[in-house]
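Structure record follows, encoded as structure tokens.
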Amino acid sequence: MNTPKLFIVIPCYNEQEALPITAGRLTELTDDMIRREIIAPESRVVLVDDGSKDETWRIIAELHGRDARFEGVKLAHNVGHMNALWAGMTLAADRCDCLISIDADLQDDVNAMYGFLEAYQRGADVVFGVRSSRKTDTWFKRTTAQGFYKLMGKLGVEMVYNHADYRLLSKRALEALLSFSEVNMFLRGMVPMLGFRTAEVTYERGERVAGESKYPLKKMIAFAMEGITSLSNKPIRYVLLLGALCALLGLAMAIYVLVAFIQHRTVAGWASMMMSIWLLGGLQLMALGLIGEYVGKIYMETKRRPKFILEEHLK
Ligand code: UDP
Ligand code: MG
């Protein structure tokens, strides 16, 4: 097989601290790969500025000016990790043979890319980067993340355990992925749907090279909710089940009340009344909220809004 043109896509949101280090490491890495004829000299590193408020874009433009290997994509405003990645993938799709996505903080070992490309050369269309351990994550992040993978599995969403968004896609896998037109995207759950030949490469996950996590708890919860509601209908079904159960209980209650009434055993009934009001009220609100979540998704899908708006592309 001839040497493939590799595009590495990196979403960057307020990454001024990490970017110079990341760029340095990727220069070394791609230099070595080009020298060893693993990738073609026309390979690129696409840095997508997801509407950063700091010096990120200035750094990207500077990198591009110094080395044509670095491409800069500036999005008009912050659209989030997934959409920023999507923007980079869309802009790279017709020029690359294969594409690797990785975070700007290099928590994922760049050396795993050698393994990715080997698997690609052996015919894999999708190569998942899988973390061997989560030692460097906090206890909280580790347990919540693992709980999330388990939950997703139970909800019938096929996901690769401990795989984040560090992966290689061949051109045809990339094109297949880009043909998904949904607005509510959860890439980790979508890529396994593609099929094709897949492979996994394990690596140690490290610390962020610099800067702080751009995923505070609030964003993590939103991300998990997005994952669940955009890929699974099961929660709605569970709510239905819960409702049916409540109705059944209600029926039993009605019989009991009736019997008590006939036997003249009725009391003020404050306790049972209060309990059912709160219990049922809570359940109803929960059910409504969940249904609202899906209705909201349908609303967003019908709008067919663009996933990102391009402001500038340095290539
Ligand atoms: N990111 C982004 N837009 C956002 C938030 C994050 O493009 O709104 C990027 C960020 O720059 C990084 C990647 O998404 O390259 C993952 O973020 P981070 O490393 O902070 O997440 P964590 O590893 O803590 O889950
Ligand atoms: Mg990170």
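The values are calculated or read from the model by the stated rules, or taken from the named source; none is laboratory data. The shown structure was predicted, so the numbers you read here are calculated from the model rather than taken from an experiment. Here the Cβ is made from the backbone with ideal geometry for all residues, glycine too, and neighbour counts use every protein chain on show. Side chains are part of the model used for accessible areas, which takes the heavy atoms of the whole protein and leaves out ligands, DNA and RNA. Shrake-Rupley method; radii C 1.70, N 1.55, O 1.52, S 1.80 Å.
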### Full-extension gain in nm, residue 218 to residue 90, via 0.36 nm per residue minus C-alpha separation
43.3 nm
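Which order do 266, 22 take when ranked by solvent-accessible area (1.4 Å probe, heavy atoms of all protein chains), largest first?
266, 22
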## Note on the structure
Per GNM of the chain with C-alpha springs under 10 angstrom, the most fluctuating residue out of 79, 257, 127 is 257
### Query
How long is the range 158-266 along each principal axis, judged by its Cα atoms, biggest number first, in Å?
75, 35, 26
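Kirkwood hydrodynamic radius for the range 9-139: how many Å is it when counted over pairs of different Cα atoms? Don't jump to the answer; show the numbers that get you there.
On the way: mean 1/r = 0.0648 Å⁻¹.
For the range 9-139, inverting the mean 1/r across all distinct Cα pairs yields 15.4 Å.
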### Message
Need one number: nm distance between label points at residue 305 and residue 175, each 7 Å from Cα along Cα→Cβ, rounded to one decimal.
### Response
3.1 nm
### Query
What is the helix-to-structure angle for 112-121, meaning the angle in degrees between its Cα long axis and the longest Cα principal axis of the chain, kept from 0 to 90 and rounded to the nearest 10?
80 degrees
### Summary
Measuring from the longest principal axis of the C-alpha atoms of the chain, the long axis of helix 270-303 (C-alpha) lies at a number of degrees, nearest 10, equal to 30 degrees
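Sum up the charges of everything whose Cβ sits under 15 Å from the Cβ of residue 203, counting Lys and Arg as +1 and Asp and Glu as -1, but leave residue 203 out. Provide the component values of the computation, followed by the final result.
Numbers: positive: 25, 131, 134, 135, 167, 205; negative: 103, 105, 108, 109, 118, 137, 165, 200, 204, 207.
Once positives and negatives cancel, what remains is -4.
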### Task
Please work out the Cα center distance from the range 216-276 to the range 176-211, rounded to the nearest Å.
37 Å
### Task
Please tell me the relative contact order of the chain in percent, rounded to the nearest whole number, where contacts are Cα pairs under 8 Å and at least six residues apart.
23 percent
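Give me the 1.4 Å probe accessible area per residue for the chain, excluding ligands and nucleic acids, in Å².
Result: 53 Å² per residue.
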### Task
Just order 3-12, 158-167 by mean Cβ neighbour count inside 10 Å, highest at the front, would you?
3-12, 158-167
### Computed [θ] at 222 nm, helices only, for the chain once each DSSP H run of length n ≥ 4 contributes -39500 (n - 2.57)
-16500 deg cm²/dmol
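Given the Cα-Cα distance of residue 267 and residue 151 and 0.36 nm per residue of separation, how much length would full extension add, in nm?
37.3 nm
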### Message
Principal axis extents for the chain, Cα atoms only, whole Å, descending order, please.
### Response
92, 41, 39
